[in-house]
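Just below is one structure, and these are the notes that go with it.
The values are calculated or read from the model by the stated rules, or taken from the named source; none is laboratory data. Not measured: the values here are computed from a predicted model. A quick note on method: Cβ atoms are made from the backbone with ideal geometry, for glycine too, and the neighbour counts reach across all protein chains shown. Heads up: the accessible areas ignore ligands, DNA and RNA and are worked out on the full protein's heavy atoms, side chains in. Shrake-Rupley method; radii C 1.70, N 1.55, O 1.52, S 1.80 Å.
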Amino acid sequence: MSELYQLPDGWEWKTLDEIKISNAIGLVRSQAEQSLEHPYKYVKMNNITNDNRFTLDNITNVRASDEEIKKYSLLKGDLLFNTRNSNELVGKSCIYDLNELVLYNNNIMRIRFKSNVNSYFVGYQFSSNLIQGQLNDIKSGTTNVSAIYYKELKYYYL
């Protein structure tokens with residue numbers, strides 16, 4: 001990658017693994033465990049739009065323990081990455097940009113970045129044709145379900 005693009009002075013290539021604090025797959029809740037009557041908003045794949053934005057449209061809710069809330073809550077600036085879906089939808093991503101308690105689904109990976117990393121810039125890169133093309137190359141799966149896992153992403157240069 002570094003031989004393809006000239007970076008501005010003072011910039012350097014870093015892998016995704018070098019700029020993140022953590023990455024985690026979300027909370028498992030069956031359809032039967034989801035209801036607007038429950039207290040906590042629950043982000044699913046449809047809350048990441050095809051143009052890489054976050055939306056609360058058609059949000060559902062779940063119950064969760066204090067431990068699950070701590071483990072699966074989103075923070076402003078988290079990158080949400082759709083890990084499993086149909087082939088054309090795997091790899092959708094967005095930056096979570098709210099300051100409210102929201103939990104996320106197990107088909108989504110949350111990536112949290114170091115304080116010196118601008119997550120919005122990383123989100124912009126994930127929406128680029130270059131990264132989308134690279135993601136297409138590493139999708140695996142069947143005719144109905146595809147996936148991209150962190151072990152394939154962590155060495156991507158950004």
- Give me the percent of the accessible area of region 1-110 that comes from carbon and sulfur atoms, probe 1.4 Å, all protein chains in place. 47
- Message: For Cα Rg over 2.2 N^0.38 Å, pick the label among [x] 1.06; [y] 1.82; [z] 0.99 that corresponds to the value derived from the coordinates.
- Response: [x]
- Report the trypsin sites (Lys or Arg not before Pro) located in region 66-158 that are in a DSSP loop and have at most 16 other Cβ atoms inside 10 Å of their Cβ, or state none. K76, K114, K139, K154
- Partner aspartates and glutamates whose C-alpha sits under 16 Å from that of K71, ignoring same-chain residues fewer than 8 away, are E100
- C-alpha center-to-center spacing [region 7-22, region 54-123] in angstrom: 21
- Task: Among L74, L135, L36, determine the one that fluctuates most according to a GNM of the chain built with springs between C-alpha atoms less than 10 Å apart.
- Result: L36
- Note on the structure: Here the relative contact order (percent) of the chain, from C-alpha pairs under 8 Å and at least 6 apart, is 30
- Note on the structure: Comparing Y120, Y96, Y42 in a Gaussian network model of the chain (Cα, 10 Å), the one with the largest mean-square fluctuation is Y120
